[in-house]
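The values are calculated or read from the model by the stated rules, or taken from the named source; none is laboratory data. Source: prediction; values computed, not measured. Cβ placement follows ideal geometry from the backbone for every residue including glycine, while neighbour counts extend to all protein chains displayed.
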Amino acid sequence: MESLHVAVAVFSLLSLGQTAPTTNCESLTQQIQISGRDQLLGRWNYIAESTDIRGSKELLEISRGTVWLNYVAANEENIMIGSMHLKTFGQCFSMTFNSTLESNTLTFDYPYSSTGFHLKTGCPDCRVVYSNITFGRSSYRAVQLLSRRMKVSAAELEEYKKQVECLNLPEAAILDPEQGFCPDPSVSKDSKSFDMTSFMGTSNMSMIDEIFQSGAAVKTFSEVFSQLSSTLTAPVTSCENMTQPIHHPERDKVLGRWNFVVFASAVPLILPISIWVDVKAITQDDKIITTQHPKMSDTCQRVDSNITLTNNTLSSELPLAYRASFLPTSCPDCILLHVSHTGRSSFRSLELISRRTVVKDHEMEEFKKLAECLNLGLVEIQDPST
């Protein structure tokens, strides 16, 4: 799954320009100034891409892929949080990442290293970016055309194709908006989108690079997708599978805001009306800081904890002592934790947290089934309206 996402969508980021149409290579490859991140925020649709990654054009075309990207501002002035939404072979995938805009250059380091320079364009609501990409042991170049619209004019597309020629890159793959776009999973309750973020690790990128270098990318990734698509759409039903701990995601994947959606326990618990948590990294690779924001009655509180993430286990001693393991879930933007609380009273709980405040019905039913498997019969659903 991770291989296909990158193979089909090694789309870097954005570019900007609002000038008259240009025709010569000196003008077409001219870098432009970016006055600030605000002009990059919001939704952008991928129109076309050219890259010297071997087999990428063919793979994109046979997958009938469409891609859109959304940027929101982070707390830091020059940081943006990007979410990419890919439709390929009829399935929806998503990925989140942080981008830095500095000195007219847009960069990110995960899941691969990319540095993008914004190029001049005569399209008034388009962006063109020329990117240098590194993953595995290889470096590649790419140039993408993005627009606020889902389709640009023939003249605007021809200008982009000329830019591709000027940069000595292969013929571009043109995305077909008639294939439809995946909905935003954060606002569409009925959408099914698989979050690829936690699967895009360094080892996978090295494997992808080797496949591209072998010249068998189209065949290999098509077969991988077919197998993984069947696996992803199959529900997890047996207690043995559902209660088997899984490898925890890389630390960067658990950072940011999470909302507590539902709890289950074997004993009655006094729970807040609602609770969300902010997860931040600290210097040590295995350490994170969590700041919980529980609402009790009409009072909002704050609880800070230092947590160690080792051997697929979360552990903390203060203010509450516990150890938690990660369990499988079909929810694409959730983390499911089986928690053993120690200290004055020992008990177990099952906790589902999500980037969303409300999960879908089938995701909730899966949680309840797992609670039964673990003999945790008291289920408490959080109320996001409070």
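Just one of the listed residues (A48, A74) is closer than 17 Å to T197 by Cβ and small (G, A, S), namely A74. Determine if segment 107-125 includes at least one residue that is aliphatic (A, V, I, L, M) and either at pLDDT below 90 or under 22 Å from M207 (Cα atoms) (or both). Looking through segment 107-125, none of the residues is aliphatic (A, V, I, L, M) and either at pLDDT below 90 or under 22 Å from M207 (Cα atoms) (or both). Of E372, E380, E365, all but one fail to be closer than 23 Å to T243 by Cβ, among the acidic types (D, E) and assigned to a strand (DSSP E or B); the exception is E380. Across segment 307-357, the qualifying residues are those that are buried (at least 17 other Cβ atoms within 10 Å of the Cβ) and more than 22 Å from T243 (Cβ to Cβ), and the one among them that is modelled with the lowest pLDDT is I307. The condition of being assigned to a loop (DSSP other than H, G, I, E, B) and modelled with pLDDT of 70 or more holds for only one of Q284, Q292, Q244, that being Q244.
Here S139, S131, S113 are screened, and the one residue that is more than 20 Å from G55 (Cβ to Cβ) and in the same structural domain as F194 (by TED's automatic domain parsing) is S113. Restricted to segment 124-144, and to residues there that are within 14 Å of I211 (Cα to Cα) and under 22 Å from the mean Cα position of the chain (by Cα), the residue that is surrounded by the fewest Cβ atoms within 10 Å (Cβ to Cβ) is G136.
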